[in-house]
Amino acid sequence: MLMTEAPDREDRTMRTRRCIVTREVQPECHLVRFVVGPEDEIVPDLAAKLPGRGIWVSADRGILERAVTKNLFARAAKTNVRVAAALPSNVEALLVKRLQDHLGLARRSGVLVLGFDNVLRALESRRKPLALVEASDGADDGRRKVLAAARAQNCEPQIIDLLTAEELSMALGREHVIHAALFPGPLADRLVLDAERLEGFRPRHGNRTGPSPVPDERSV
């Protein structure tokens, strides 16, 4: 199961590695690990569990693109390696899938509630959510109301708004998911860390472009 493969949150936030592009030393949770595969190809290792010497790159599309175009993986591996031109997009897709898996497991574990009304009730409860999950293409009106309700309860949850309504619906097995609330715990910690990595590969809600927003659940 994907969640059991993820390193402990404390390990990920305390251990540091050096990015092969920027040469900056950062916590592991801010980087993506790669290894050289059996056919000398560069393979993403998001769970940091594959055998072999790790090659670490900041979780940022532009920085990973520099690693690809400047052949920095070969320099780090000290051998010729094959690097897919689409590696940054592939990593984004893997991070999306990982976030979807986390969300699905969180719902099955009872630490994720779905829907505008349920989120408002969660914000009013004694045990406050650690994070609010908002569809990146959700209507601004519903989002503003949820955030206003959080402020009214003196609650400052983290906002995860990197997945579309369709991606959330696929993860959670329910149509038209726009709002969700995630309660504290190990699952929430891992989900937040992977959301931070995904943020380096796709724009957040405030920078989105594209089709018109998806209506709030209450409007469908």
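Using R0 = 45 Å, the C-beta based FRET efficiency linking T79 and E175 works out to 0.40. About its Cα centre, the chain has a charge dipole of approximately 580 debye under the convention of +1 per Lys or Arg Cβ and -1 per Asp or Glu Cβ, with nothing else charged.
Using the Kirkwood radius over Cα pairs, work out the Stokes-Einstein diffusion coefficient for the chain at 25 °C and 0.890 mPa s, in µm²/s as a whole number. My calculation gives 134 µm²/s for D.
Go ahead and run the numbers for FRET between E39 and E166, Cβ-Cβ distance against an R0 of 35 Å, rounding to 0.05. Can you show the working numbers first?
On the way: r = 34 Å, r/R0 = 0.97.
FRET efficiency, E39 to E166: 0.55.
Computed across the stretch 108-208, the Kirkwood hydrodynamic radius from all distinct Cα-Cα pairs reaches 13.6 Å.
Using a simple charge model, +1 on the beta-carbon of Lys and Arg, -1 on the beta-carbon of Asp and Glu, nothing else, what dipole does the stretch 91-214 show about its Cα centre, in debye to the nearest 20?
For this selection, approximately 360 debye.
Rounded to 0.05, the FRET efficiency of the V25 and E199 pair, given R0 = 30 Å and the Cβ-Cβ distance, is 0.90. Remark: spin-label model distance S89-R126 equals 5.1 nm, labels positioned 7 Å along the Cα→Cβ axis. Taking a straight Cα-Cα cut-off under 30 Å and skipping sequence neighbours fewer than 8 places away in the same chain, the lysines within cross-link reach of K128 are K97, K145.
Bear in mind these aren't lab numbers, they're just calculated from the coordinates by the rules spelled out. Every value quoted in this text rests on a predicted model; they were computed, and no experiment measured them. Please note: Cβ atoms are built from the backbone with ideal geometry, for glycine as well, and neighbour counts cover all protein chains shown.
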